[in-house]
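See structure below.
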Amino acid sequence: MTTFLSEQPSQSNDHLPPLPPPALTRRIKRHVVGEAHLFFAICAPGMESICADELLELGMDRENLRILPGGVEFTGRLPDCFLFHLHSRIATRILMRIGEFKATGFAALEKKGAEIPWELFIYPGFTVEISVTAKQSRLNHTGAIAERIERGVFTRLGSSRNREHALFSQRIFVRAVEDRFTLSLDASGEPLYKRGLKTHGGSAPLRETSAAAILRIAGYRPDLTLLDPMCGSGTFSLEAALMARNIPPGWFRAFAFMGWPAFREQQWAYLRRKAQAQVFDGKTAPIMASDISISACRRLTECLSTHDLLNMVQVRPMDFFDMSPATLPGMGENNGPGVIVLNPPYGRRLGSIQESAALLGKIGQKLKADFKGWRFALLSPVAAVDRRFPLPFTPRPFHHGGLTLTLMTGKIK
């Protein structure tokens, strides 16, 4: 049995208030546990179809989901929400829709906000955070909207803001469009790209959800060698290790839904046991991470060791331009061409666009000379792509760190 999976504790509800009284418990069971709900899985722009494919693979019926700008809307029950949190590698947050109404004045907004049965979703005394977006509505002052919704919540719950249960603070998303207000409860808490693995960072680190999407687009599979030669904080390598072992990306962390009155620890433990039974303990193709920074390699090695993944990823300080598949350790006759992923320094991180373009051209020449047959994924500044890169590729807009980049993928022939 895998050590870290055996020892990793499940989130406990020891810090929660006592279970609701019987009458309220019955209402929660009927209206929250027993009914289907509308959810929205937020993902990075341009990744909506990939997120939808992942939900389908996790068991969602196609007729129950709809791709929208910024994410995927789907209908499901609470166990579906919990399952997707445990297993989704692409979504960045999942919301549960809990109310929709029209309001053109603040008094009506507060009144209708108080009519929502918040006691079914939030314990009295919990800290509540309100996030508001407003577009083409008569009520467009986001601060005032948040204040009125918060008043409505506490009016309904018969409580006021305090920090008694700040560990399980709940966040409500309010979206106003043309005077219609949609209220959603955040099921995730911290963004889902925070896997709970890394305590180290790097220069402009790639989000884990983005790395997982890139690996998927590039065609990475556990039976293919992965080379991450500009690894930085090691996001690609860590995500590939989780994929290769079929370790759930949500295994190492807690979620906001664990603070819901409808949450039951036994149900969550059951989902974790099922996931643990599907973890692969056999031999996988090599995953190799390298960087010219010795300290970056050391921090990644420490992270892998902490989570018992050191046997999954080979880490060594090395310059990409000094390596070739034939000289890499573990690259025997049984390990053919694999996938190489590169997130090189560019723009804000190092040098001008012109210098970045020259670097990309140099990378392309290296790939063409030494990595024939390999698949590649390379992040690039948009302006630098066409002029310098010597290999055919499929471009895809990609958003990272406030920049719009191009994800270049292809096969080296």
Percent carbon-and-sulfur accessible area, the range 233-338, ignoring ligands, DNA and RNA, probe 1.4 Å: 51 percent
Separation between Cα centres of the range 82-114 and the range 313-328, rounded to whole Å: 47 Å
Tensor-based shape of the range 66-195 (alpha-carbon gyration tensor, a/c under 1.5 rounded, otherwise prolate or oblate): oblate
Listed residues Ala36, Ala107, Ala244, most fluctuating in the chain (Gaussian network, C-alpha, under 10 Å): Ala107
Exposure of Asp319 as accessible area (Å², to 10), given a probe of 1.4 Å and all protein chains: 60 Å²
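Grab the other residues whose beta carbon is less than 12 angstrom from that of Asn64, score K and R as +1, D and E as -1, and report the net.
Net charge around Asn64: -1.
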Angle between the chain longest axis and helix 353-370 axis [Cα atoms, degrees, rounded to 10]: 60 degrees
Net charge of neighbours whose Cβ lies under 12 Å from the Cβ of Ala36, counting Lys and Arg as +1 and Asp and Glu as -1: -1
Of Asp308, Asp186, Asp80, the one that fluctuates the most in a GNM where the chain has Cα springs shorter than 10 Å: Asp308
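Place a +1 charge on the Cβ of each Lys and Arg in the chain and a -1 charge on the Cβ of each Asp and Glu, then give the dipole magnitude about the Cα centre in debye, rounded to the nearest 20.
For the chain, the charge dipole is close to 500 debye.
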Any cysteine of the chain lacking a neighbouring Cys Cβ under 4.7 Å - listed by number: Cys81, Cys231, Cys297, Cys303
The chain - mean residue ellipticity at 222 nm from DSSP helices (-39,500 (n - 2.57) per run, n ≥ 4, rounded to 500): -9500 deg cm²/dmol
Residues of the chain: accessible area per residue with a 1.4 Å probe, Å²: 45 Å²
Within a Gaussian network of the chain (alpha carbon springs, distance under 10 Å), most fluctuating of Gly250, Gly143, Gly234: Gly143
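First check a/c for the range 225-339, with a ≥ b ≥ c the square roots of the eigenvalues of its C-alpha gyration tensor; if it is under 1.5, answer rounded, and if not, answer prolate when a/b is larger than b/c or oblate otherwise.
Values: a/c = 3.43, a/b = 1.97, b/c = 1.75.
Prolate shape, in that a/c is at least 1.5 and a/b is the bigger ratio.
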Between 0 and 90°, nearest 10: helix 294-306 axis offset from the chain longest Cα axis: 50 degrees
Net charge contributed by nearby residues that have their C-beta within less than 11 Å of Lys411 (K/R +1, D/E -1): +3
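The values are calculated or read from the model by the stated rules, or taken from the named source; none is laboratory data. Model, not experiment: these values are computed from the prediction. Virtual Cβ from ideal backbone geometry, glycine too; neighbours counted across all protein chains shown. With ligands, DNA and RNA removed, areas are computed over all heavy atoms of the protein, side chains included. Shrake-Rupley method; radii C 1.70, N 1.55, O 1.52, S 1.80 Å.
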